[in-house]
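The values are calculated or read from the model by the stated rules, or taken from the named source; none is laboratory data. Just so you know, these numbers come straight off a predicted model, no measurement behind them. Glycine also receives a Cβ, built like all others from the backbone with ideal geometry; neighbour counts cover every protein chain displayed. Side chains included, ligands, DNA and RNA excluded: accessible areas come from the protein's heavy atoms. Shrake-Rupley method; radii C 1.70, N 1.55, O 1.52, S 1.80 Å.
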Amino acid sequence: MAAAYAALVSLLNTMDQIQIHPRLSTCFDDCQFQSLREKVDFILDFVENYSDAVIPEKTGFLEDLAVNDEEATEAEDLMRRIAAAAHEAEDAIEVEAADRTHAAASTQQSPSFFHKIIQDMDSITENVAKVKEETGFIKPLPSPSRSLPPPPLATASIVGFDSYLERLWDQLTGHHAGRMIIPIVGMGGIGKTTLARKVYESSNILRNFNVHAWVTVSQEFSARKFFLQALSCLGVSSDDRDTTSDQQLSVELHKILFNRRYLIILDDVWSVDDWDRIKFYFPENKNRSRIVITTRESKLIDYLGFPPLAVDFLDGENSWDLFCAKAFAQRGCPSELEEVGRKIVEKCKGLPLAIVVIGGLLRESPKSQEYWEKIAKEEHLVLDSVEGYKPLNILYLSYKYLPVCLKLCVLYLGICADYGVEMSELIKLWVAEGFIKPNKTRSLEEVAEGYIDELVHRNLLFRAPLVLYRKMARFSVHDLLIKERQCFTPEKRYHVTVQSYPVRGGQRGG
């Protein structure tokens, strides 16, 4: 579905660019162009509202997808045909446009140019119309728009963490004279990074430390990325560093920290080996410097030799308070939804990530008991035991109920791993890939900004700590989303890589 949507939106963007071009706009037949546009809009409307997350009240095409392999294959084939036809149409139009730029301005397209394009789109339109007729079509998913004011993230996301914050502040500002390591330990999604970010972004940090830096280490450790992140946070530009060796970077980091009282947050450290590779660059200044390390690894905690701050699951009432803050912007839960709401929260087992993600989902969803009961019965909402905890299930559930335009952007978020990505850069990438649907009243960039805002409030995209010398908004995603993002789509031919930027939406024909 995401591949079909991407192909159709890319085709519309190409057609729009041609229609506003001073020369190419006169080289295409207006009637044929308009006819194609109407067919593409019709198909796109179907793809946008087609989702296995939206089930008709009566048994129909979408409901059968869950149990009928034959019809599921037919649906996949239809989406695959839509993507292939849109790609072929865009390629043909681009080739024709290139030919026209090398020909006389008055040269018109050949009479048969649109014949195959229109023929393919007619065939798909007929199939789509048939599905609409057989199913009575489907209820549209909520569009990306703010139905409630943004929740006060700084307070809502820290519910139940007061005691942890107090203990962490005591350790940060205590009288231990030497360099002190403060490990924060807990499972993925428990709130370790949220806790560390809360103190890092506090104004009290500036009063207690000369310099501070936030570095995301991650499972795939890179010494060079580590040094560049640290130096950037400390006010040193990371631009034009291609010829600077890792050794030079490490020496520069050590010099900046030497004889200064510093706070370093090392987020998501995975192994003893990673710590051993970087620990020498944090000097022991005997001035109450602090290093906060978030980790899931008990072996690392034992190796560090400092008492850890172990973050546990939320109790029932704190879980409910956190859910309400996310789902209702702290306005309180309607009485008719409280019983089913508490059932949903109970299935999250006190895991903060699960609670805020499902709260973000329901915040943008219909506030009806019927809809919430459906969510409560979702198999992906079930987390059975501590050992069998699968926060990914909740992330997938949130992905499943996204509008297709946002699904496409989520699949692309691998580039946000570790260091994150600046808002302007992410918008440029989405626009360049053709992911943003043209809008008559807003620019593509403005639409993309709305998508970012939506993903932030759905807790699938997070604002990263500011880089000191840039003060520009950066965004990152939870490492669970990065690690398992390919599980989020049944379209095996559609994938995103984090090693390099993907080519327009994935492979053709997917």
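The Cα atoms of region 148-305 give a gyration tensor whose axes a ≥ b ≥ c have a/c under 1.5, which makes the shape rounded. In order along region 3-17, the Karplus-derived 3J(HN,Hα) couplings, from 6.51 cos²θ - 1.76 cosθ + 1.60 at θ = phi - 60°, round to 5, 5, 4, 4, 5, 5, 5, 4, 4, 4, 4, 5, 5, 5, 5 Hz, and Gly and Pro are given as x. Remark: accessible surface ordering of Y371, Y303 (largest first) is Y303, Y371, probe radius 1.4 Å.
Nearest 0.05, what FRET efficiency do E166 and E74 give at R0 = 51 Å with Cβ-Cβ as r? Before the final figure, lay out the partial values.
Values: r = 58 Å, r/R0 = 1.14.
It comes out at approximately 0.30.
Only protein heavy atoms count here; under a 1.4 Å probe, D162 has an accessible surface of about 110 Å². Residue pairs exceeding 30 angstrom between C-alpha atoms, taken from K198/K374; K130/K343; K225/K437; K349/K374; K132/K367; K225/K400: K198/K374; K130/K343; K225/K437; K225/K400.
If you plug the beta carbon distance of H21 and K130 into 1/(1 + (r/R0)^6) with R0 = 30 Å, you get a FRET efficiency near 0.25. Extension gain for M187-F306 works out to 41.0 nm (0.36 nm per residue, less the C-alpha to C-alpha distance).
Please list K299, K343 from largest to smallest accessible area, probe radius 1.4 Å, with all protein chains kept in place. Don't jump to the answer; show the numbers that get you there.
Numbers: K299 155, K343 90 Å².
Largest to smallest exposure gives the sequence K299, K343.
Extending 7 Å from the Cα toward the beta-carbon at both S202 and E346 defines two label points whose distance is 3.6 nm. For the pair H254 and M423, the difference between a 0.36 nm per residue extended length and the Cα-Cα distance amounts to 57.8 nm. Each residue of region 435-442 was assigned a 3J(HN,Hα) from its phi angle through the Karplus curve 6.51 cos²θ - 1.76 cosθ + 1.60 (θ = phi - 60°); the sequence is 7, 9, 6, x, 9, 6, 9, 10 Hz, with glycine and proline shown as x. In order along region 269-283, the Karplus-derived 3J(HN,Hα) couplings, from 6.51 cos²θ - 1.76 cosθ + 1.60 at θ = phi - 60°, round to 8, 9, 8, 4, 4, 4, 5, 4, 6, 10, 5, 6, 8, 10, x Hz, and Gly and Pro are given as x.
Rolling a 1.4 Å probe over the protein heavy atoms leaves H457 with an accessible area of roughly 10 Å².
Once the piece of chain linking E338 and Y371 is laid out straight, how much longer is it, given 0.36 nm per residue of separation minus the C-alpha distance between them? Show your work: numbers first, answer last.
Details: separation 33, 0.36 × 33 = 11.88 nm, distance 1.33 nm.
Extra length from E338 to Y371 when fully extended: 10.6 nm.
Ranking of K437, K255 by solvent-accessible surface, largest first: K255, K437 (1.4 Å probe, protein heavy atoms only, all chains present).
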